[in-house]
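Written below as structure tokens is the structure these notes are about.
The values are calculated or read from the model by the stated rules, or taken from the named source; none is laboratory data. Computed from a prediction, not measured in an experiment: that's the story for all the values here. Note: ideal-geometry Cβ built from the backbone for every residue, glycine included; neighbour counts use all protein chains shown.
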Amino acid sequence: MGSFKDVVGHKNIIDYIRSAVQEDKVSHAYILNGEKGAGKKMLANLFATTLLCEKAGPDPCNECHSCRQAESGNHPDIIKVTHEKPNTISVDDIREQVNNTILIKPYQGPYKIYIIPQADMMSVQAQNALLKTIEEPPEYAVIMLLTENADTLLPTIASRCVMLKLRNIKDTLIKKYLMETMEVPDYKADMCTAFAQGNMGRAILLANSEYFNEIREEAVQLLKYIQEMELSEIVEAVKRITSYKLEINDYLDIIMVWYRDVLLYKATKDMDKVVFKDQIKYIKEQARKSSYEGVELILNSLEKAKTRLKANVNFELAMELLFLTIKEN
Ligand SMILES: [Zn+2]
């Protein structure tokens with residue numbers, strides 16, 4: 001499980017948790033808000049483990065019975081709410097797993113902690129059911145809602161929770177972690193850090209991804225030659241990348257970094273900050289050919305493609321539209 005000392009970034013949240021635990025000012029309800037991979041689960045687990053640690057220090061001791069149970073995921077006083085349907089947490093989920101059990105006193109520790117991942121998927125009825133519990137929680141109860149977008153929660157819920165917002169982590173810290181702890185080589189650490197955009201989970205995922213180099217290579221090949229490609233070749237290229245459908249956001253991010261490089265180089269002629277240093281010849285060429293407006297159009301269409309894919313628009317269609325915008329600009 002580790003300790004707060006091992007966490008990269010999130011200093012404001014860790015300071016808050018440590019002092020809340022030490023000064024016995026723990027709230028009954030929290031929202032931990034941050035994007036996927038930002039570290040919500042890790043922080044919630046550390047928070048819960050610290051609250052229940054028998055040594056009651058500012059960090060979990062990792063040695064006592066409670067810490068070991070928490071580490072193994074079998075602590076009877078840490079309840080992780082699950083849901084059966086993939087995209088919604090129903091009122092039954094909340095009733096069965098939270099409301100019906102919260103009045104049973106903790107088995108061993110001073111707290112009983114409920115962690116609700118993807119809490120922004122709670123239906124309105126589920127939220128209303130939870131609201132009753134949050135309004136009058138038993139003394140020992142702590143509820144942690146993990147959200148990517150806390151704005152979707154009812155104001156009545158949000159106003160009763162302490163909001164802990166996970167911020168982006170500095171690139172230097174991410175790179176240091178990748179190189180020192182994961183022993184990722186320098187050039188790859190640079191690449192992963194650039195793509196992660198402040199998200200540690202994403203950086204780790206990329207550093208561990210077998211496909212990352214492959215996807216990067218595929219994207220680079222396309223970007224080098226897309227201007228000269230015929231429509232039929234573009235259709236071919238889209239077909240090839242359907243095998244990366246699951247990693248499509250990585251693929252799109254790679255393209256985004258490429259055009260950010262182009263923009264950066266165009267504006268500053270500075271090679272130092274370019275991520276695709278090994279492709280500098282092509283970055284320069286693209287910077288010469290494309291206008292600022294053109295690159296902006298491409299960056300916007302990348303965002304649009306992401307939104308479309310998230311909304312389950314036809315994959316081939318979304319990608320073809322994107323590639324045509326790239327080709328024309
Ligand atoms: Zn302990």
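Counting the residues of region 268-286 that are surrounded by fewer than 20 Cβ atoms within 10 Å (Cβ to Cβ) and within 17 Å of Asn329 (Cα to Cα) gives 3. Condition check: modelled with pLDDT under 90 and either crowded, with 21+ Cβ neighbours inside 10 Å or touching a Pro at 6+ places or on another chain (Cβ under 6 Å) (or both). Does Leu222 satisfy that? Spelling it out, it is not the case that Leu222 is modelled with pLDDT under 90 and either crowded, with 21+ Cβ neighbours inside 10 Å or touching a Pro at 6+ places or on another chain (Cβ under 6 Å) (or both). Among the criteria (1) more than 15 Å from the ligand (Cβ to nearest atom); (2) crowded, with 22+ Cβ neighbours inside 10 Å; (3) more than 19 Å from the chain's Cα centre (by Cα), the one Thr49 does not fulfil is (1).
Can you find even one residue in region 68-80 that is more than 16 Å from the ligand (Cβ to nearest atom), in contact with a Ser or Thr (Cβ under 9 Å, 6 or more places away or on another chain) and modelled with pLDDT of 95 or more?
Within region 68-80, one or more residues are more than 16 Å from the ligand (Cβ to nearest atom), in contact with a Ser or Thr (Cβ under 9 Å, 6 or more places away or on another chain) and modelled with pLDDT of 95 or more.
If you go through region 217-230 and keep only what is touching a residue at least 12 places away in the same chain (Cβ under 8 Å) and either aromatic (Phe, Trp, Tyr) or under 15 Å from Leu322 (Cα atoms) (or both), you end up with Ala219, Leu222, Leu223, Ile226, Gln227, Met229. The residue pairs whose first member lies in region 52-67 and is near the ligand (Cβ under 8 Å from one of its atoms), whose second member is aromatic (Phe, Trp, Tyr) and part of a loop (DSSP other than H, G, I, E, B), and whose beta carbons are closer than 7 Å, counting only pairs six or more residues apart or on different chains, are Leu52/Tyr111. The residue that is farthest from Val142 (Cα to Cα), among those in region 62-78 that are surrounded by fewer than 18 Cβ atoms within 10 Å (Cβ to Cβ) and of a type in the set (Gly, Ala, Ser), is Ser72. For region 192-216, the candidate set comprises residues that are in a helix (DSSP H, G or I), in contact with an Asp or Glu (Cβ under 8 Å, 6 or more places away or on another chain) and touching a residue at least 40 places away in the same chain (Cβ under 8 Å); within that set, the residue that is surrounded by the most Cβ atoms within 10 Å (Cβ to Cβ) is Leu206.
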